[in-house]
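We did not get these values from a lab; they are worked out from the coordinates using the rules stated. All of these numbers come straight from a predicted model, not from anything done at the bench. Reconstructed Cβ throughout: ideal geometry from the backbone, glycine too, with neighbour counts over all protein chains shown.
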Amino acid sequence: MAPPEPAPLAGSGAPRSASRRGERLADTLSELVAVTLSDNAAGVASILATVGQRRIEVERRRSPTTQARVAIHRRDCWTCRYCGGRTVAPPVLRFLSEVYPDDFPYHPNWRAGRVHPAYLLVSTSLDHVHPEGGAGAGSARTTS
């Protein structure tokens, strides 16, 4: 008995599968595993030549200065640009965690259950509302 066909995406009529390129990559990776397990060094080198990709160094963007961050939040009246809700600066939340560690816990990775929900719900953060390319990297005009 043949396996069932994947369900089509809603309204698209297209099968629910990866792109042809993704399918080819999955097939090639499957072949790479098989060749690796068979100790065929030449075959491994041949396949890696087609799909291998070395790590590349990516230049990190500079974070806005504290002064710039505060200026942007003040400009936006400490309001979330997406939902319109009021926000609180993380240093204020950290202060509350220092003063009330048992009732207002903090975790450096904001781990669920170990950090007060306020860190997730009302903490301010910066995000590019418009892509950086339009006004230049780090432009306050594109940052919220």
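3J(HN,Hα) along the range 22-28, derived from phi through the Karplus expression 6.51 cos²θ - 1.76 cosθ + 1.60 where θ = phi - 60°, amounts to x, 5, 4, 5, 4, 5, 5 Hz, with x in place of Gly and Pro. Maximal additional length on extending the LEU120-ARG21 stretch stands at 31.9 nm, based on 0.36 nm per residue less the C-alpha distance. Computed over the range 18-128, the alpha-carbon pair-distance distribution with 10 angstrom bins reads 11, 24, 18, 12, 20, 14, 1, each value a whole percent.
What's the exposure ranking of THR65, THR124, going from fewest to most Cβ atoms within 10 Å? Don't skip to the end; give the middle numbers.
Details: THR65 9, THR124 21.
In increasing order of surrounding Cβ atoms, one gets THR65, THR124.
Here's how it looks for VAL88: its modeled amide H is under 5 Å from those of SER123, THR124, which are all 5 or more places away or on a different chain.
Taking the number of Cβ atoms within 10 Å of each Cβ as an exposure proxy, the fewest-first ranking of ARG61, ARG24 is ARG61, ARG24.
What FRET efficiency, computed as 1/(1 + (r/R0)^6) with R0 = 30 Å and r the Cβ-Cβ distance, is obtained for VAL92 and ALA112, rounded to the nearest 0.05?
Details: r = 21 Å, r/R0 = 0.70.
Computed FRET efficiency for VAL92 and ALA112: 0.90.
To make sure I understand, if each residue's beta carbon is the centre and we count other beta carbons within 10 Å, what order do SER46, SER97 fall in, fewest to most?
Details: SER46 13, SER97 19.
In order of increasing Cβ crowding within 10 Å: SER46, SER97.
For the range 31-38, putting each phi into the Karplus relation 6.51 cos²θ - 1.76 cosθ + 1.60 with θ = phi - 60° gives couplings of 5, 4, 4, 4, 5, 4, 5, 8 Hz, in residue order, rounded to whole numbers and with x for Gly and Pro. Largest first, the extents of the alpha carbon coordinates of the range 59-117 on the three principal axes equal 33, 32, 21 Å.
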